[in-house]
1. Are there any helices (runs of 4 or more DSSP H) wholly within region 338-448 with 1 or more residues that are more than 22 Å from the chain's Cα centre (by Cα), and if so which?
2. Could you tell me whether residue 27 is under 30 Å from residue 173 (Cβ atoms), in contact (Cβ under 8 Å) with a residue 60 or more places away in the chain and either touching a His at 6+ places or on another chain (Cβ under 8 Å) or of a type in the set (Phe, Trp, Tyr) (or both)?
3. For residues in region 30-66 being part of a helix (DSSP H, G or I) and aliphatic (A, V, I, L, M), which is farthest from the chain's Cα centre (by Cα)?
4. Out of all the residues in region 78-105, which are surrounded by 17 or more Cβ atoms within 10 Å (Cβ to Cβ), assigned to a helix (DSSP H, G or I) and modelled with pLDDT of 75 or more?
5. Return the total of residues in region 30-63 being more than 30 Å from residue 172 (Cα to Cα) and not charged (D, E, K, R).
6. Collect the residues in region 248-269 that are surrounded by fewer than 24 Cβ atoms within 10 Å (Cβ to Cβ) and either within 20 Å of the chain's Cα centre (by Cα) or within 23 Å of residue 429 (Cβ to Cβ) (or both), keeping them in residue-number order.
Amino acid sequence: MRYIPITDADRAEMLARVGVADVDQLYADVPAGKLLDGLLDLPRAKGELEVERHLARLAAKNVSASSVPFFVGAGAYKHHVPATVDHLIQRSEFLTSYTPYQPEITQGTLQVLFEFQTQVAHLTGMEVANASMYDGSTGTAEAVLMAHRITRRTKAVLSGGLHPHYAEVVKTTSDMAGDTVVALAADPTGTEDILAAIDATTSCVVVQSPSVFGRLIDLKPIAEKAHAVGALLIAVFTEVVSLGAIEPPGAQGADIVVGEGQSLGNPLTFGGPYVGLFATRSKYVRQMPGRLCGETVDAEGRRGFVLTLSTREQHIRREKATSNICTNSGLCALAFTIHATLLGEAGLTRLAALNHEAAVKLADRLAAVPGVGVLNDTFFNEFTIRVPGDAAAIVERLAARGVLGGVPVSRLAPTAGLDDLIIVAATEINTDDDRAAYATALKEVLSC
C-alpha cells in the first residue's frame, strides 16, 4: 500500500487555494488524446531478473548510432567525443555538485563555469554568457521572455527555419504568459520574407542559422530591420560546431544568442540531458536568466571565483526573478568545456572544416541518385533533400538496409505538407564507405 501523506481535507484545501475544482483540471492544457485512460498495460509484478531480461530484449531492438552509417541530425548530432572527456568529468575534483548553495566554497565548480562562460562568449561573439541552460529549446523560450522584459513588448516573430520543437517550446511558454507568437511557415527553400513580418509592435525576431533545413542565414539585414523598430534579434543554433566556420552571430548584430551545445563533449543519449548555451550583450546582463560566475581576488590577493549574478527564484524574491530555472546543466557544461579546451581554437576550426567537407561529399553523392534533389545552395554539415515519394517510408526502408539516412521533415512538422523532404546530417564520423552505402541504399529503395 502506498503512503500518501495528505488527507482528503488537505487536498480540498490545496485545490481551493489554486482555484480548481479537482485534480483533473490541472491537466486541462494537455490534449485529451495524450492523457492515459486507466493504468498502463503492464503486469502488476515481476521478479527483478525477469524485468532485467525483458528490458535487455527491448534494448536489443535499438540500432546503435555507432554500428551503422549514421546521417541523423536535426538538432542532435553524432560527433567523436574523446575518451579524455569522460575520464576527466568523473574525477572528484571536476565532478560538479548539483547546486552550490554556498557557492564560494566550491571553487572548482565556479572555475569550470567561468571557463565555460568564456568559451561560449568567444564562440558566439557576445560580451557575456551565463552558466548554461537546460537545452537549446528551453533556452530559446527564455530568450524570448528576456526580450519581452527589455523591450516591454510581447510579440515574437519566429522564422520558418527555426526547429519546430524549439518553436513549440516558445509557443507553450508564450501561451502561459499571454504573449503573442507569429510563427512563419516552414521555409526549406529559404524564400521567406521575414523582414515584412517585423513592425513597431515586435519585441524580438527569432532566427536559426544554420536553419533546421541546414540553410545558412545572413543575419545582418534582419538585425538592421529589428533594431530600426526597437526590436531585438535572437540568433539560434542547434549545431555549435558550425561556429568554428561561420561568422559568429554577435558579429552579425544579434542581441541574444542561444543554442544547443550537445555536439561538444556530450553523446546523443536518446535526447538528453543536453546543455543550453546562452549569451547576450553586457547591457542586458541583468535581464539574463540563469547564473553568472565571475572572477575576483580574495582578502590575500589570490585569484578566486564567485557567483556574481543569480536572478533565479531560489535566490531572490520570486516577483523579481527573471527565470524559474532551478539549476544549470553542470555536468554537461563541464564535458563541453573539456572538449572545447582539448580542441582549442585551431582544433575547432579544423573540426568544422571536416564537417563541412563531409557534408559536401555526401550532398554530391545523393544528388547523383536519380530522382533526388538537394534543396540547399548553402549549408554547413546538414542539408535537405527532396525524394520521390513519402520520405518517412523511405527512411524506414533505408534503416532496414542498415543505413540511418536522416530525419523526415514530416516527423518534425507533420502539418507542413513537406512529406517528401529528408534532413540529412554529415559529421567527421562519416567515411567514404558510409557515404557510398547511403547512396547505394537510397538508389535501391527508390528503384523498388
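1. Output list reads 391-400, 432-447.
2. no
3. Filtering region 30-66 for residues that are part of a helix (DSSP H, G or I) and aliphatic (A, V, I, L, M), the one farthest from the chain's Cα centre (by Cα) comes out as 49.
4. Residues satisfying the conditions are 85, 88, 89.
5. The number of residues fulfilling the criteria is 14.
6. Selection gives 248, 250, 267, 268, 269.
Condition check ((1) touching a Ser or Thr at 6+ places or on another chain (Cβ under 9 Å); (2) more than 25 Å from residue 81 (Cα to Cα); (3) in contact (Cβ under 8 Å) with a residue 40 or more places away in the chain) across all residues:
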position: 357; (1), (2), (3): no, no, no
position: 398; (1), (2), (3): no, yes, yes
position: 419; (1), (2), (3): yes, yes, no
position: 423; (1), (2), (3): yes, no, yes
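The rows are residues; the columns are (1) hydrophobic (A, V, I, L, M, F, W, C); (2) more than 30 Å from residue 348 (Cα to Cα); (3) at pLDDT below 90; (4) touching a His at 6+ places or on another chain (Cβ under 9 Å).
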site: 39; (1), (2), (3), (4): yes, yes, yes, no
site: 57; (1), (2), (3), (4): no, yes, no, no
site: 62; (1), (2), (3), (4): no, yes, yes, no
site: 74; (1), (2), (3), (4): yes, no, no, yes
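The values are calculated or read from the model by the stated rules, or taken from the named source; none is laboratory data. These numbers come from a predicted model, not from an experiment. Cβ atoms come from the backbone with ideal geometry, glycine included; neighbour counts cover every protein chain shown.
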